[in-house]
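Okay, structure first, notes after.
The values are calculated or read from the model by the stated rules, or taken from the named source; none is laboratory data. The structure displayed is predicted, hence computed values, not measured ones. Neighbour counts run over all protein chains shown; Cβ positions are idealised from the backbone, glycine included.
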């Protein structure tokens, strides 16, 4: 049964949900997905504080200051960072203050230390500027108590980790990473570490999919390579139970040794569809095995990669807990030609760049199903609609941005 890509997604997306959640130490949370809203229980800054080393005083006391007639203010207190003022600033007074320290009561301005001259117990100020009144970080100007600072589904990067630390959330609730089993099938396959022999090729799909699963927030589990033998393939799954998703490559087409439909029957997996109307990557079998999703992709590297990008990746992203499951799309102008017409929707690896405010994309060479080199420089996938004729230079197309 062949289905449209959108119909395949509509079938599979409801079958997956965000993984269970767990609390992790903050130092292990980079790139994890937040499973709770973070609500601040404090103002930040927690008090009016100085952003620089200098003196705090009343702005109106220095309004007439000039190089010719400087104003002298008496230093009455000294407030290093981490301490608290002991005196209120009155008329004609100033408090020496360090970066991060609390602004003393009565003061409404701060001047930089290097813009002053000390004269005994007095500080000399030679100019007036409204900026002095702005040299204060006011309580709650960045965050208010009760404010939602981070929302569920946020990917925790360096800024988010810093915010969590500031708010005291040292063990945030995050989603577990979906575990994804990856199995390469085919009697022609050997491991990447083995020496080639006649008729054999090294398994590249396992490592390509491993990288894609990692970039989608999953935890890849390599199940190795297995020959075209139904019982041997089935044994791989029986001995690796309980994973969120199982992905196979190879055996998904209709050749003599394309065994995936037989495997579905052997494992009693109800088949949802066995082909998706895209090129490359049309052979895709999907079903549910116990509580897991089972997806069989083409063994051709470029075909399997395209199928993963447009179909499997959104499923994994939903399972990680993020809110957006699809890569961004942009309009590009074709640089060069695509001479081949196609009655099927087609995805083409391309290199995209910006020039004078416009995006251009050039199709890459080596676009065959079994070729890998086109993926090395590709940063977009051109989405060419079904029924397209040959495309000329300059035609506008939609492209999927292949961001990490």
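Annotation note: of 36, 6, 90, 105, the sole residue that is out of contact with any helix residue (DSSP H, G or I) (no Cβ under 8 Å at 6 or more places or on another chain) and in a helix (DSSP H, G or I) is 6.
Residues checked against (1) loosely packed, with under 13 Cβ neighbours inside 10 Å; (2) at pLDDT below 95; (3) within 30 Å of residue 343 (Cα to Cα); (4) under 20 Å from the mean Cα position of the chain (by Cα):
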position: 7; (1), (2), (3), (4): no, no, yes, no
position: 33; (1), (2), (3), (4): no, no, no, yes
position: 52; (1), (2), (3), (4): no, no, no, no
position: 64; (1), (2), (3), (4): yes, yes, no, no
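Mind checking which pairs have a first residue in segment 343-360 that is farther than 23 Å from residue 310 by Cβ and a second that is in a strand (DSSP E or B) and modelled with pLDDT of 95 or more, Cβ under 7 Å, 6 or more apart or different chains? These pairs meet every condition: 358/333.
Which of the residues that make up segment 112-129 are outside any strand (DSSP E or B) and within 45 Å of the chain's Cα centre (by Cα)? Within segment 112-129, 113, 114, 115, 129 qualify.
Looking across 214, 209, 222, 243, one residue alone is under 14 Å from residue 295 (Cα atoms) and either touching a helix residue (DSSP H, G or I) at 6+ places or on another chain (Cβ under 6 Å) or not in a loop (DSSP other than H, G, I, E, B) (or both). It is 209. Of all the listed residues (181, 100, 120), the sole one being modelled with pLDDT of 95 or more and surrounded by fewer than 17 Cβ atoms within 10 Å (Cβ to Cβ) is 100. Restricting segment 383-401 to residues that are closer than 19 Å to residue 212 by Cβ and crowded, with 16+ Cβ neighbours inside 10 Å leaves a set whose member that is farthest from the chain's Cα centre (by Cα) is 383.
A single member of 236, 262 is in the same structural domain as residue 182 (by TED's automatic domain parsing) and under 30 Å from residue 31 (Cβ atoms), and it is 236.
Applying the condition of being under 10 Å from residue 36 (Cβ atoms) and in a loop (DSSP other than H, G, I, E, B) to segment 155-177 and asking which residue is farthest from the chain's Cα centre (by Cα) yields 169. When segment 137-152 is filtered for residues that are within 19 Å of residue 105 (Cβ to Cβ) and out of contact with any strand residue (DSSP E or B) (no Cβ under 6 Å at 6 or more places or on another chain), the ones remaining, listed by number, are 138, 139, 140, 141. Looking at segment 285-404, the strands (runs of 3 or more DSSP E) lying wholly inside it that each contain 3 or more residues that are out of contact with any helix residue (DSSP H, G or I) (no Cβ under 8 Å at 6 or more places or on another chain) sit at 329-334, 346-355, 358-363, 380-384, 396-401. Is there a residue in segment 131-151 that is out of contact with any helix residue (DSSP H, G or I) (no Cβ under 6 Å at 6 or more places or on another chain) and free of Cβ contacts under 8 Å to residues at least 40 places away in the same chain? Looking for residues that are out of contact with any helix residue (DSSP H, G or I) (no Cβ under 6 Å at 6 or more places or on another chain) and free of Cβ contacts under 8 Å to residues at least 40 places away in the same chain, one finds at least one in segment 131-151, hence yes. Residue-level check: of (1) part of a loop (DSSP other than H, G, I, E, B); (2) surrounded by 13 or more Cβ atoms within 10 Å (Cβ to Cβ); (3) out of contact with any strand residue (DSSP E or B) (no Cβ under 7 Å at 6 or more places or on another chain), residue 46 misses just (2).
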